[in-house]
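The values are calculated or read from the model by the stated rules, or taken from the named source; none is laboratory data. All values derive from a computational prediction rather than experimental measurement. Positions of Cβ are generated from backbone atoms using ideal geometry, with glycine treated the same way; all protein chains shown enter the neighbour counts.
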Amino acid sequence: MDDKHIEKITQEICETFQVYAPPIPIEIMLQQPPTGMWKELDITQLSGNFMRVTDRYSPRMSLARMLARHIVSSDWGRERGLQGTINDPEKLNKFARMLVMPEEMIMGLTRSSRNPKTMSLHFEVPEDEARQRLLELV
């Protein structure tokens, strides 16, 4: 599965949830998926050990990785060919970054705003994740 295909799936998810601007509502996507997409998840039942807290936005990335795992293991994700992503941590992390920083929204930023610090604030993600996402788009 190539990145362009996963980017299209990410855009489909944004359109389905009617998300047109950051920050992406990860919690709502986990808790209130449209019928037939994936099973809703009660994030209040998550243990504190699940969250990586190295940055103020780290919990959002933990939830994004959970959403990515949830999507690829769902029937909806399998129908779109995402099942191969579940056993590859690097691909799963990349998909999580795509979910919280969709390509279309990044390209909608001014050139001067496409830097890790500004994107961190704009998308509410750690700077290192924003930096990695920018590298993936080059």
Query raised in the report: part of a loop (DSSP other than H, G, I, E, B) and among the acidic types (Asp, Glu), is that true of ASP128?
Result: no
Report task. Could you grab me the full set of residues in the stretch 115-138 that are surrounded by 15 or more Cβ atoms within 10 Å (Cβ to Cβ) and in contact with a Leu (Cβ under 8 Å, 6 or more places away or on another chain)? Result -> PRO116, THR118, MET119, HIS122
Requested in this report: Starting from the stretch 83-98, take each residue that is over 22 Å from SER120 (Cα atoms) and list its partners that are at pLDDT 95 or above and in a helix (DSSP H, G or I), counting only C-beta distances under 6 angstrom and pairs at least six apart or across chains.
Outcome: THR85/PHE95
Query raised in the report: Can you name the residue in the stretch 23-53 that is more than 17 Å from ALA130 (Cα to Cα), among the hydrophobic types (A, V, I, L, M, F, W, C) and assigned to a loop (DSSP other than H, G, I, E, B) and, of all such residues, is modelled with the lowest pLDDT?
Result: MET51
Report task. Would you point out the residue of the stretch 106-127, among those that are touching a residue at least 24 places away in the same chain (Cβ under 8 Å) and over 20 Å from CYS14 (Cβ atoms), that is farthest from the chain's Cα centre (by Cα)? Result -> GLU127
Query raised in the report: Which residues, counting only those in the stretch 72-114, are among the aliphatic types (A, V, I, L, M), part of a helix (DSSP H, G or I), crowded, with 17+ Cβ neighbours inside 10 Å and modelled with pLDDT of 95 or more?
Result: ALA96, MET98, LEU99, VAL100, MET105, ILE106
Query raised in the report: Mind checking which residues of the stretch 54-71 are part of a helix (DSSP H, G or I) and among the basic types (Lys, Arg)?
Result: ARG60, ARG65, ARG69
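Condition check ((1) of a type in the set (D, E, K, R); (2) more than 19 Å from MET66 (Cβ to Cβ); (3) surrounded by fewer than 13 Cβ atoms within 10 Å (Cβ to Cβ)) across all residues:
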| residue | (1), (2), (3) |
| --- | --- |
| LYS4 | yes, yes, yes |
| GLU7 | yes, yes, no |
| THR16 | no, no, no |
| VAL19 | no, no, no |
| GLU27 | yes, no, no |
| LEU30 | no, no, no |
| GLU40 | yes, no, yes |
